[in-house]
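In what follows, a structure is listed as structure tokens, so that the remarks can point back to it.
Values quoted throughout were computed directly from the atomic coordinates according to the rules given, and no laboratory measurement underlies them. Worth saying up front: this structure is predicted, and the values here are computed from it rather than measured. Note that we place each Cβ from the backbone using ideal geometry, even for glycine, and neighbour counts take in every protein chain shown.
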Amino acid sequence: MRFRLTIGRKIGLGFGLFIFFALLVVLLTNRTLERSRGINEEINDVYAPSVDALVRLRNLTVTSHMLIKHWALLESRADAPEKTALVAITTIELPRVLDQIDTLMSAWEPSEVAIMGNVSARMDELFVLHDRVKAMLPSLESYNDPFIHMERTGLAEEGGPIDQQHALVIAELDRLLDLQERKRRELSSGMLRSFDSLKFFVLYLGLGLVVVGAIVAFLIIRDIVGPLHRLRNVMLSLSRGVFPRSRVRTSNDEVGDMGKAVTSVVESLRRTTEFSHAVAAGDFSAEYQPLSEEDVLGHALLKMRDELGQRERELELKVAERTEEVVRQKEEVERQSRKVVELYKNVTDSIRYAKRLQDSILPPERRIKELLPDAFVFYRPKDIVSGDFYWMEQVGDRVLFAAVDCTGHGVPGAFMSLVGHNGLNQVTKERGVWRPGEVLKELNRIAYEALHKDREQHLIRDGMDMALCSYDREKRILDYAGANCPLYVVRQGETMALPATKMAIGGFEMNGRAFEEHRVQLEEGDMVYVFSDGYADQFGGPKGKKFLYRRFRELLVEVSQQPPERQRRMLHDAFNAWRGAHEQVDDILVIGMRA
């Protein structure tokens with residue numbers, strides 16, 4: 001009997017080869033997984049715990065760095081949460097992590113142990129600085145010592161000793177983490193090479209599976225799937241509303257009968273579509289013959305044709321009514337728009353007039369040169385009108401000058417500046433007071449009464465920060481008092497800061513504590529600077545950060561040897577270079593005077 005390779009036998013042979021290759025793939029995969037399990041256990045038992053412990057040590061170091069800077073720079077009590085958290089980290093969590101690392105180091109390489117020794121040494125140096133800050137600031141009262149203030153600021157400011165030592169510790173930890181990660185990657189690479197060898201065998205076995213699958217697929221597609229797929233595409237096209245471009249091929253079998261039925265459906269839908277297009281184009285007299293009495297779609301289309309004709313006539317009437325209403329609304333919108341433009345112009349004109357009024361209270365250039373010949377004023381409002389202003393007057397044989405920062409900027413700040421200017425004139429010119437501490441005390445009373453007349457019903461939080469100086473030009477004696485605004489004296493490249501009283505003018509207490517007064521015997525060539533906080537608070541630079549007072553002091557030292565007008569231009573250029581494309585955040589005022 002002659003052997004015949006039927007479709008069933010071909011499909012059976014193909015599936016037999018498929019099962020053989022699949023079993024071979026399972027065996028190779030099992031061997032590779034056993035080898036990979038051993039590598040994975042080595043990673044999980046040695047290197048993964050080491051990396052986790054080092055990451056934990058790094059996070060605790062970063063957290064303690066943040067908390068010690070908070071301890072140094074922000075006034076707080078001894079039992080503040082940040083301080084207790086830092087003590088807990090240094091006494092409990094860090095020793096626990098270091099003990100865990102000591103246990104894991106037994107499986108490390110000598111080079112890794114040496115790096116960990118460097119980390120421990122640098123951490124000891126870092127925590128010596130921490131202990132120095134803690135010893136320097138044991139209580140809330142210790143923050144008021146000016147010498148401690150300068151020392152703690154020098155330790156904890158950005159780029160200071162604490163930041164530098166912290167950076168060294170983090171660099172060593174990152175280096176050690178990189179070595180651990182590199183070793184773990186090497187083991188992982190070995191695991192991947194095992195999988196690559198498995199991939200090589202599976203590739204060829206897969207090619208065998210593809211050949212077998214192709215033979216089986218050819219047998220099925222040629223006799224059954226091909227014709228059914230073509231009919232399926234036609235039906236899917238009809239479901240999307242797309243007619244086939246060519247006629248459906250038919251044969252003398254069951255698949256051919258299905259093709260004839262589909263052809264009949266296509267022709268019926270073509271006639272229905274042509275009728276729908278005619279109705280959509282507005283031809284409500286178009287004729288259509290339903291396929292039969294049971295043709296629900298055909299009868300629905302005829303009914304739709306009649307209803308659309310009626311609705312078109314109704315819509316024409318409504319469109320005419322709506323058009324008339326839209327015209328009326330457009331005219332009203334245009335009228336309101338003209339009104340808004342006029343209102344905006346009036347408001348802008350009023351603000352510009354307020355600027356002229358504010359400019360009138362500022363001492364002119366010739367008056368500044370008359371009172372302080374070797375001085376300059378760098379004044380840059382954020383808006384049209386400003387909350388910062390400068391004031392200068394002669395009382396007896398002394399010259400009084402002030403840099404004032406009122407609450408807010410723009411129009412609210414400008415109103416506050418008028419209150420401050422009038423108060424200064426009233427205290428000094430009308431009453432003859434020249435001592436800065438007494439002037440600020442009287443000005444605080446005047447501003448408090450002006451801002452809190454109705455304090456039982458409304459609580460106003462407005463006020464002024466101010467640096468006020470009284471200068472005897474003959475004796476070079478400078479008296480200073482400040483309300484939240486310090487004074488800098490630059491002498492031979494060194495900066496001396498006179499602290500201000502931490503209380504605003506016009507605050508919540510009319511009879512609060514007195515404003516502390518300082519007296520300085522200036523030497524020839526000394527530069528005195530008073531200023532608002534706008535310059536130091538400006539965002540900019542390559543990282544979009546604040547300028548900060550540390551950079552501001554360095555800039556003042558850099559420009560202090562230049563003539564006054566040259567200093568003003570250098571401050572202006574440095575500000576623009578730092579700000580870049582950022583928006584100016586506040587009004588800016590800097591007054592400089594050479595003794």
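Note that the stretch 317-326 has calculated 3J(HN,Hα) couplings of 5, 5, 4, 5, 5, 5, 4, 5, 5, 4 Hz, one per residue in order, obtained from phi through the Karplus relation 6.51 cos²θ - 1.76 cosθ + 1.60 (θ = phi - 60°); glycine and proline are x. Under 1.5 on a/c is rounded, so check that first for the stretch 362-594, then, if it is not, pick prolate when a/b is larger than b/c and oblate when it is not; a ≥ b ≥ c are the square roots of the alpha carbon gyration tensor eigenvalues. Oblate, since a/c reaches 1.5 and b/c is not below a/b. Placing pseudo-labels 7 Å out from each Cα toward the beta carbon at VAL340 and VAL411 gives an inter-label distance of 1.8 nm. Here the calculated FRET efficiency for ASP52 and THR29, from their Cβ-Cβ distance with R0 = 35 Å, stands at 0.70, rounded to the nearest 0.05.
In this simple spin-label model, placing a label point 7 Å from the Cα along the Cα-to-Cβ direction at both ASP99 and ARG513 gives a separation of 4.5 nm. The antiparallel fraction among DSSP beta bridges confined to the stretch 362-594 stands at about 95%.
Evaluating 6.51 cos²θ - 1.76 cosθ + 1.60 at θ = phi - 60° for every residue in the stretch 97-102, the Karplus couplings come out as 5, 5, 5, 4, 5, 4 Hz, glycine and proline recorded as x. Label sites at ALA135 and ASP383, each approximated as a point 7 angstrom past Cα along Cα to Cβ, lie 5.2 nm apart. One chain, two ends: LEU315 and LEU192. Fully extended at 0.36 nm per residue, the span grows by 37.0 nm beyond their Cα-Cα distance.
With the cut-off at 1.5 for a/c, could you classify the stretch 473-595 from its C-alpha gyration tensor as rounded, prolate or oblate? Oblate, since a/c reaches 1.5 and b/c is not below a/b.
Extension gain, ALA114 to GLU75, is 10.1 nm, computed as 0.36 nm per intervening residue step minus the present C-alpha separation. The gain in end-to-end length when the GLU523 to GLU181 segment is fully stretched comes to 117.0 nm, 0.36 nm per residue minus the alpha carbon separation. What FRET efficiency would be calculated for the residue pair GLU558, ALA85, taking the C-beta separation as r and a Förster radius of 35 Å, to the nearest 0.05? According to the calculation, E is roughly 0.35.
Candidates MET466, LEU548, ALA581 compared by Cα position along the dipole of the stretch 362-594: farthest toward the positive end lies ALA581, with charges placed on Cβ. On the beta carbon distance between GLU365 and ASP397, with R0 = 22 Å, the FRET formula returns roughly 0.45. Counting charges near PRO564 (Lys, Arg +1; Asp, Glu -1) among other residues having Cβ under 13 Å from its Cβ returns a value of +2. Using θ = phi - 60° in the Karplus curve 6.51 cos²θ - 1.76 cosθ + 1.60, the 3J(HN,Hα) couplings for the stretch 491-496 round to 10, 6, x, 10, 10, 10 Hz; x is entered for Gly and Pro.
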